[in-house]
Amino acid sequence: MKYYDQHVHSHFSFDSEERLENYLNISNNFLVTTEHLDFKNPIIDFQTNYPDYPAYIAEIKLLNQRYDNRILKGIEVGYTEADSQAIKELISKQDYDVMLLSVHHNGKYDFMEDAVLKQSLEETMIEYFQLMLKAVNDLSQANILAHFEYGLRRYDVTVNDLKKIESLLKAVFKEAIKNNLAFELNGKSMYKYNNVDLYEYGIELYKSLGGKYFTVGSDAHVVKDYEFHFRDIFDILEQHGIEYLTVFQNKEIILVKRP
Ligand SMILES: [Zn+2]
Ligand SMILES: [Zn+2]
């Protein structure tokens, strides 16, 4: 099997209008979309958003007939502790090949909003990674720890800054590794938000704690961003001695050779 992008959004996410066919038409490989599930999302006036599951299933079923069963189902859970029960109840009734785990907001604001800058980087790092620790503890059935630096994107962050909270980050990674979560290399984080160095540090920290599973995801919301900078990311993985990537089908771990 050939590696495929494992972080992709379509019109089933609140912030994308892309059609599944547009992704299918540019590749012969599997396609998995990982649609947003965010409870009380500050970006959209604290509305709850998640894919219309019956419609998602129906469209995939239809397209799978036309596109050689190439389409898989995924979700990106934006975890919030306050809504933990509701999130678990919702996803227990749905079936996905792969589940991404993210922390996007703290109940008051999304970490990409201006409001985050009222706090110092250090305060936000502690808050954000504590939320992530709760997330990996509580949603152990997730498969991929998505964009680990999302909460810090509005700051200029160096590896030395991360080292200041390394013990907290280690606790997050240890719990993720215990639950067999893969560490995601997020193309948008690395090449749009210029956080390649943070990911290189993240790879080594994950490895040092026994982490073996890695995924690459573009976080595309439009087809032109599909597999964003994948060649660069594969080269970085090679430099760090990562020979195999992980894909998830029906939640099962499948190791595939790094392209
Ligand atoms: Zn996300
Ligand atoms: Zn995403």
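The values are calculated or read from the model by the stated rules, or taken from the named source; none is laboratory data. None of these values were measured; they are calculated from a predicted model. So basically every Cβ, Gly included, is an ideal-geometry build from the backbone, and we count neighbours across all protein chains shown. Only protein heavy atoms, including side chains, enter the accessible area calculation; ligands, DNA and RNA are left aside. Shrake-Rupley method; radii C 1.70, N 1.55, O 1.52, S 1.80 Å.
Assorted remarks:
- Top-ranked residue in the stretch 93-134 [being within 16 Å of ligand 1 (Cβ to nearest atom) and hydroxyl-bearing (Ser, Thr, Tyr); ranked as most open to solvent (accessible area, probe 1.4 Å)]: 109
- Criterion violated by residue 237 - all others in (1) open to solvent by 10 Å² or more (accessible area, probe 1.4 Å); (2) part of a helix (DSSP H, G or I) satisfied: (1)
- Cβ-Cβ under 9 Å pairs, at least 6 apart or on other chains, the stretch 97-122 side free of Cβ contacts under 8 Å to residues at least 40 places away in the same chain, far side among the polar types (S, T, N, Q) and part of a helix (DSSP H, G or I): 116/124; 117/124
- Looking across the stretch 1-41 at every residue that is among the hydrophobic types (A, V, I, L, M, F, W, C), away from ligand 2 (no atom under 11 Å from the Cβ) and open to solvent by less than 20 Å² (accessible area, probe 1.4 Å), the one that is nearest to residue 55 (Cα to Cα) is identified as 20.
- Identity of the residue in the stretch 152-167, part of a loop (DSSP other than H, G, I, E, B) and open to solvent by 20 Å² or more (accessible area, probe 1.4 Å), that ends up nearest to residue 115 (Cα to Cα): 154
- For first residues located in the stretch 133-154 and polar (S, T, N, Q), partners that are surrounded by fewer than 17 Cβ atoms within 10 Å (Cβ to Cβ) and in a loop (DSSP other than H, G, I, E, B) and lie 6+ apart or on another chain with Cβ distances below 7 Å form the pairs 140/179; 143/251.
- Scanning the stretch 117-134 finds no residues that are away from ligand 2 (no atom under 16 Å from the Cβ) and in contact with a strand residue (DSSP E or B) (Cβ under 8 Å, 6 or more places away or on another chain).
- When the test is whether a residue is within 28 Å of residue 245 (Cβ to Cβ) and away from ligand 1 (no atom under 16 Å from the Cβ), residue 76 does not pass it.
- Applying the criterion of at least 1 residues that are of a type in the set (A, V, I, L, M, F, W, C) and under 19 Å from residue 193 (Cβ atoms) to the helices (runs of 4 or more DSSP H) found wholly in the stretch 42-151 leaves 121-138.
- Breaking point among (1) touching a strand residue (DSSP E or B) at 6+ places or on another chain (Cβ under 9 Å); (2) among the basic types (Lys, Arg); (3) more than 17 Å from residue 87 (Cα to Cα), for residue 19: (1)
- Across the stretch 210-234, the qualifying residues are those that are within 19 Å of residue 255 (Cβ to Cβ) and open to solvent by 40 Å² or more (accessible area, probe 1.4 Å), and the one among them that is nearest to the chain's Cα centre (by Cα) is 213.
- Filter pass, residue 71 being over 14 Å from the mean Cα position of the chain (by Cα), under 19 Å from residue 217 (Cα atoms) and in contact (Cβ under 8 Å) with a residue 12 or more places away in the chain: yes
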